[in-house]
Each structure stands twice: as C-alpha cells, then as structure tokens.
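The values are calculated or read from the model by the stated rules, or taken from the named source; none is laboratory data. From a predicted model like this one, the values you see are computed outputs, not experimental measurements. Note that we place each Cβ from the backbone using ideal geometry, even for glycine, and neighbour counts take in every protein chain shown. All accessible areas refer to the heavy atoms of the entire protein, side chains included, with ligands and DNA or RNA removed. Shrake-Rupley method; radii C 1.70, N 1.55, O 1.52, S 1.80 Å.
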Amino acid sequence: MNKFYIITNSEKDIEYLVSDDIKKFLEDHQKTCFISKQPVKKAGMTYRYTNPSDVPLDTECILVLGGDGTLIQAARDLFGRNIPFIGVNFGTLGYLAEVEKQNLIPALEKLMADEFQIEKRMMLDGTVFREKEKVEKDIALNDIVISRSGSLRVIDFKVYVNGEFLNLYSADGIIISTPTGSTAYNLSAGGPIVSPVASLIVVTPICPHTLNTRSMILSADDIITIEMCPDRNGKEEVRLVSFDGDNSMKVFVKDKIEIKKSEQYTEIIQLNKISFLEVLRRKMTTTKA
C-alpha cells in the first residue's frame, strides 16, 4: 500500500500527536498520507470525524485512530467507497480496532509491505415505511435498534420474517445485529457472540417481558419486518429506530421497519493471523483503567 488517509478522534489523539507521527513515518518511506483534521462535530447521537469529500479517490487504506465507535462512524461516512479500514485502538475494549498504540510501527511496516488480509464484514440496510411510503433509509455495520423514547413504558411490536408472522413482543426494544455487532449492544442484552465473518442476522429482544423469549439467529438472506403496535393501554407512544447508535428517527404506531442484508460490505484489514476465538479470549480477560 502506498496511499493512506488518517481519520482521527481528536478527543483521544490530543492535538493529533500520534496522527502526525504516523504521517511523518509514512512520508519518510515515500508513501502518501493525508490527515482529516476536521473539528469534531456532533451529528445525531454521535460525532463526525471526517468529511467524506476530503478523502482522495485513490486512497488505498483508511487508518482510524480512536476506538470501535470511531471506526464504525468512519465506515458509515465512507459507505460505498470500498476502501479498507484498519483501527488503532485508543479506546478501552476494541474488537474492530486491531492495532494497539505500542505496536504502530510494526503495523505500518506490514501495511507498506502488503502483509495483510482483508475481511469483508456484513452490513444491514434498514428502511422505515409509513403508510407504505418510504420515509427513511440507512445502513449499519453493528446494529439497528428499536427502543423506547423517553417513556419508561414497554413497547409492543410484531416481528415478521420473510412476510411470515413470528411473534408479538412486549419489551424495552429489539436489536437486529450483524455478526460484527454481536459483541456490542447485542452482547450486553444477553445475545450470542458469533464469528464476525459469518453471514447471518442476530435478533435480540431488549428486556422482554416474558420468560421464554430468547435471541434468534436467522439467515443473512432473510428479510425482517418490525411493525410498531399500540401499547397495552392503547396509547400511541413514540419509539426510536437508530442505526449504529448514530442516525435516529422517531417511529409511530403502524410504522414498519424492514431490515435486510446490505449489498455493500465494510472491508477490515487484518494484520495478524489470530483466530476470532483468541481475540475474544484476550478481550474478555483484559481490563483497562
């Protein structure tokens, strides 16, 4: 690889000190490198770390300095560009950000020598319909979540798979997760961990108000439709649908959210031939202050 672009969470790499060091190292080795030094901007529930139009078309690798959240946001911002990402972990528990700060130089040397593999990570398309009219569409690398909005009341919703009725849920919400997202909110809600390179969809209710409701693993080819229902008192409570914890919108009774596998992937660079089980073991047994 010869042409790099750095996306930095400037709240973690203060004054871009590490970013500038990386840029100098790469340029000293006759590589091209640009840094996104955009002011951190709040957008929706999360932050923007780059302007997609600033990323050169011939970029071969995106270096993301921050944590998993920064990398996920970068993947959303550059959706459809098909540029592989590699994360440098400044966070606390990084499943996506493979490189630790102390291992930066060996990692850069491997990238320059093309000593890496690329994993294609599945994404989800989510479309919100209101009275059969499409009102919102977005993508997710981790998950699409439907949840309460303000009120502490449980919400009721019907779930259909490929048009066939599955179940009526009373819960705090529901998580529709990719394999990559299985170690995120899905895991916290009691859902299963699956290999990030698998091709499947995980459905996990959030605090369901029944004792026999569990997560489900569906085929990546399945289409999931969630229909919002009135609550038990007949009130039409507002709910939220969010995409990777970022873009959120209000949904109402009778709205339907259709979720399916995206035709696009996020490409993640892997430098080390470490199995997912080994990564999982390390992350689950390591804590940081």
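Suppose the Debye formula is applied to equal point scatterers at every Cα of region 92-136; what is log10 I(q)/I(0) at q = 0.14, 0.17, 0.26 Å⁻¹?
Debye curve over Cα of region 92-136, log10 I(q)/I(0) at q = 0.14, 0.17, 0.26 Å⁻¹: -0.59, -0.68, -1.03.
Give the average over all directions of the projected area of the C-alpha convex hull of the chain, one decimal, in nm². Numbers along the way, then the final one.
Values: hull surface 63.6 nm².
Across all orientations, the chain yields a mean hull projection of 15.9 nm².
Could you order 104, 124, 168 so the one with the most accessible surface comes first? Probe is 1.4 Å. Let's see the in-between values first.
Values: 104 20, 124 0, 168 95 Å².
The ranking, largest first, comes out as 168, 104, 124.
What is the list of residues in region 196-227 whose amide nitrogen lies under 13 Å from a point 7 angstrom out from the Cα of residue 158, following Cα to Cβ?
Only 225-227 pass the distance filter.
With each pseudo-label sitting 7 Å past Cα toward Cβ, what's the residue 134-residue 277 distance in nm, one decimal?
4.3
At 0.36 nm per residue, and after removing the present C-alpha to C-alpha distance, how many nm does the segment from residue 218 to residue 101 gain when stretched out fully? Walk me through the intermediate numbers first.
Values: separation 117, 0.36 × 117 = 42.12 nm, distance 3.70 nm.
Contour length minus the Cα-Cα distance gives 38.4 nm.
Using a Debye calculation, one point per C-alpha and no hydration shell, please list log10 I(q)/I(0) for region 56-186 at q = 0.13, 0.21 Å⁻¹ in order.
The calculated log intensity ratios at q = 0.13, 0.21 Å⁻¹ are -0.71, -1.34.
Can you give the local net charge around residue 261? Use residues other than it whose beta-carbon is closer than 11 angstrom to its beta-carbon, Lys and Arg +1, Asp and Glu -1.
Details: positive: 260; negative: 125, 221, 222, 263.
Around residue 261, the surrounding residues sum to -3.
Across region 82-198, how many lysine pairs, 8 or more apart or on two chains, come within less than 29 Å at their alpha-carbon atoms? Show your work: numbers first, answer last.
Numbers: 101/110; 101/120; 110/120; 120/134; 120/137; 132/158; 134/158; 137/158.
Going through region 82-198 pair by pair, I get 8.
Under the 0.36 nm per residue contour assumption, what length would be gained going from the current alpha-carbon distance of residue 207 and residue 25 to full extension?
Details: separation 182, 0.36 × 182 = 65.52 nm, distance 4.87 nm.
Full-extension gain reported as 60.6 nm.
How much length, in nm to one decimal, is gained on full extension between residue 109 and residue 193, taken as 0.36 nm per residue of separation minus their Cα-Cα distance?
Numbers: separation 84, 0.36 × 84 = 30.24 nm, distance 3.20 nm.
Full-extension gain reported as 27.0 nm.
Over all alpha-carbon pairs in region 1-132, figure out the percentage whose distance exceeds 26 Å.
Values: 1675 of 8646 pairs.
Roughly 19 percent, once rounded to a whole number.
Helix 68-77 versus the longest principal axis of the chain: what angle, 0 to 90°, nearest 10, using Cα atoms?
Here the helix axis deviates by roughly 80 degrees.
Just the accessible area per residue of the chain, please: how many Å² with a 1.4 Å probe? Display every interim value, and only then the final one.
Details: 14010 Å² over 289 residues.
Counting only protein heavy atoms, the per-residue value for the chain is 48 Å².
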